[in-house]
Each structure stands twice: as structure tokens, then as C-alpha cells.
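This report concerns only the one structure given below.
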Amino acid sequence: MKKLLITGFDPFGGESVNPSWEAVQLLPESIGTFQLTKLQIPTKYSVAAQTVLAAAQELQPDVILCVGQAGGRDSITPEVVGINLREASIPDNAGVLGQNEPVIEGAPAAYFATVPVRKLVAAVQAAGIRCKLSYSAGAFVCNDTLYALLHRFNGTPVQVGFIHVPFLPSQAKENAPSMPLETIADALKIAIEAI
Ligand code: PCA
């Protein structure tokens, strides 16, 4: 079987839960041709990517798929691109406020994700779950992690992808969009089958 390293983040920004890690934990141990290794990573610049890189060094995965929370989005959103920028209005879980600084000094401006994002979107949509491409993973820790991984595995056979997921209903205030945990987990499973 092929090896898939899948990650979810810990809660951040005052939340007590992060749907990304909750959904990853619900996934079976194998999906399609992939054996899964699940890893929770901290919402901290650099540390998140370093944690994934250390696990990848050990596991030698074929695919690395990171999952993160994007509160306010109403759909499952595979990310098209990671950019070499840190810039956010909230600090990470180490108290670091990234402001107009690169993820990796002197590295290229951006890399495209190397999982087949359009195929993933089509498969999840076909299951009747709200899903669309996203052209920005933001400039906070999720983008930081995606960019650092794409930089590291650029030119190698290792495929790297990132999927942002909505708030859970319990997190969504007033009319904010959300998605049930089981639906998020189903979408991830379908997306993995389509890689
Ligand atoms: N979402 C944040 C970081 C961790 C997470 O789950 C982001 O979109 O950058």
C-alpha cells in the first residue's frame, strides 16, 4: 500500500476544538490504496512544518495531506497554492504575530499544490458535499505549513496538499457557516480516494 501522512491542527484563536484534527481522527486506518498515518500538529509558525517534516523523514510517505480550519468558509476547500508570506491579524499559539515576513528567506514566491486538486473537488462535489477550489490558504500557519512542505518536496515524487474545512456547528456564531463533523470526515475520505 501507499503511505499517506495526514495532519490536523490543534485549536487556536480562542477556540476549544479544531475541526481539522477532529475529522482526521474519525478517518479509517486505510482508504483506497493508502495506509494512513495521522498526526496532530501545533498552530505555530515553523514548528508545524518541522513536526510534519520530522514525521515524513521517519515514514517516507507518498503523499502528505494537511487539513486546517478556515472559519467563515461554507465549503471544503482544497488549496491551489502556498505563498512565501507570513501575515496575520492574530498571533499563533506561541504568541508570534507574523507581519510581512517570508516563510523561507530567499525562496520562491509560491508553489502550486502537487495533489490533483481539481479531481479532489470533483469527487467531493459528486458526493453532494459543498466543495470548491481555494486560491488562497491565507498567510497564517496553514499557508506557512503548506508552503514549507511544497518547498521541501519540490521536484520530488512526494505529493503535498492542503484542505481547509469549515467550522463545526458548535463553533459557528450567529449565521456563520458550518459543516457537521461527519460530513467533513466523509469529504476527506472521498478526497483521499481521488488522489
Ligand atoms: N487554521 C489556521 C491555522 C491552523 C488552522 O487549523 C490557518 O488557516 O492558517
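What follows is calculated from the coordinates using simple rules that are stated; it is not laboratory data. In this text the structure is predicted, and so the values were computed from the model without any measurement. No Cβ is skipped: glycine too gets one built from the backbone with ideal geometry, and neighbour counts run over all protein chains shown.
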Next on the checklist: Just to check your reading of the model, which residue among Glu58, Glu22, Glu29 is touching a helix residue (DSSP H, G or I) at 6+ places or on another chain (Cβ under 7 Å), more than 20 Å from Asn143 (Cβ to Cβ), surrounded by fewer than 21 Cβ atoms within 10 Å (Cβ to Cβ) and of a type in the set (D, E, K, R)?
Outcome noted: Glu22
Checklist outcome for this item: Among residues of segment 138-156 being over 14 Å from Ala109 (Cβ atoms) and within 7 Å of the ligand (Cβ to nearest atom), the residue nearest to the chain's Cα centre (by Cα) is Cys142
Next on the checklist: For segment 108-156, give me the residue count where each residue is among the hydrophobic types (A, V, I, L, M, F, W, C) and farther than 18 Å from Gly98 by Cα.
Outcome noted: 17
Checklist entry - Got a sec? Which of Val141, Val103 is crowded, with 21+ Cβ neighbours inside 10 Å, among the β-branched types (Val, Ile, Thr), touching a residue at least 12 places away in the same chain (Cβ under 8 Å) and closer than 23 Å to Ile184 by Cβ? => result Val141
Checklist entry - Quick one: is Val96 more than 10 Å from the ligand (Cβ to nearest atom), in a helix (DSSP H, G or I) and touching a residue at least 12 places away in the same chain (Cβ under 8 Å)? => result no
Checklist entry - Are any residues in segment 103-128 in a loop (DSSP other than H, G, I, E, B), away from the ligand (no atom under 16 Å from the Cβ) and not charged (D, E, K, R), and if so, which ones? => result Ile104, Gly106, Ala107, Pro108, Ala109, Thr114, Val115, Pro116, Ala127, Gly128
Next on the checklist: Go through segment 157-184 and report how many residues are over 30 Å from Glu101 (Cα atoms), away from the ligand (no atom under 16 Å from the Cβ) and outside any loop (DSSP other than H, G, I, E, B).
Outcome noted: 2
Checklist entry - Out of segment 1-11, which residues are crowded, with 19+ Cβ neighbours inside 10 Å and among the hydrophobic types (A, V, I, L, M, F, W, C)? => result Leu4, Leu5, Ile6, Phe9
Next on the checklist: Here is a check on your reading of the model: is Phe34 at negative phi, touching a residue at least 24 places away in the same chain (Cβ under 8 Å), surrounded by 15 or more Cβ atoms within 10 Å (Cβ to Cβ) and within 15 Å of the ligand (Cβ to nearest atom)?
Outcome noted: no
Next on the checklist: Checking Ala49 against (1) farther than 23 Å from Ala194 by Cβ; (2) within 12 Å of the chain's Cα centre (by Cα); (3) within 11 Å of the ligand (Cβ to nearest atom): exactly one of these is not met. Which one?
Outcome noted: (3)
